[in-house]
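Working notes for the structure below.
The values are calculated or read from the model by the stated rules, or taken from the named source; none is laboratory data. Computed from a predicted model, the values in this text were never measured in an experiment. Cβ placement follows ideal geometry from the backbone for every residue including glycine, while neighbour counts extend to all protein chains displayed.
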Amino acid sequence: MVIRVFVASSSCSVALKKRQQDIVRFLEANKIDFEEVDITMSEEKRRWMYKNIPQDKLPAQGNPLPPQIFSNDEYCGDYDSFFESKESNTVFTFLRLKTNLASQESEL
């Protein structure tokens, strides 16, 4: 299972950078394997991200902004969804990780 975090390395937004860092730090601290996918370096990856976010999760106007999180090709959510799952101690479920890893969630 591959957790992929879609990020934008060349963003001018400090808030966006902090959100990306928050997710990456959490995954690293909890030893969760993940791949950072920089959408500013690949038009193909950016389009893939846009195409694979469910219609009901798209913003009313404009394109969805990173960070966006996927488990394999399944959409997990954006930063707000991640933050909510972190606050309610359901991150492993949010990331669709297997049950043996989810048991570690209660230890965090």
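Points worth noting:
- Any hit, the stretch 19-27, residues being β-branched (Val, Ile, Thr), touching an Asp or Glu at 6+ places or on another chain (Cβ under 9 Å) and within 18 Å of Phe94 (Cα to Cα): yes
- Every residue from the stretch 43-61 that is loosely packed, with under 12 Cβ neighbours inside 10 Å and of a type outside the set (A, V, I, L, M): Glu43, Glu44, Arg47, Lys51, Pro54, Gln55, Asp56, Pro59, Gln61
- In the stretch 47-95, the residue that is farthest from Cys12 (Cα to Cα) out of those that are basic (Lys, Arg) and without any contact (Cβ under 8 Å) to a residue 12 or more places away in the chain is Lys51.
- Taking (1) of a type in the set (A, V, I, L, M, F, W, C); (2) at pLDDT 95 or above; (3) touching an Asp or Glu at 6+ places or on another chain (Cβ under 9 Å) in turn, Met49 satisfies each apart from (3).
- Qualifying residue in the stretch 5-25 (condition: crowded, with 17+ Cβ neighbours inside 10 Å, on the phi > 0 side of the Ramachandran plot, touching a strand residue (DSSP E or B) at 6+ places or on another chain (Cβ under 7 Å) and not hydrophobic (A, V, I, L, M, F, W, C)): no
- Ile39 meets all of the listed conditions (1) touching a residue at least 12 places away in the same chain (Cβ under 8 Å); (2) closer than 17 Å to Tyr79 by Cα; (3) out of contact with any strand residue (DSSP E or B) (no Cβ under 9 Å at 6 or more places or on another chain); (4) not small (Gly, Ala, Ser) but one, namely (3).
- In this structure, Leu97 does not qualify as surrounded by 15 or more Cβ atoms within 10 Å (Cβ to Cβ) and modelled with pLDDT of 95 or more.
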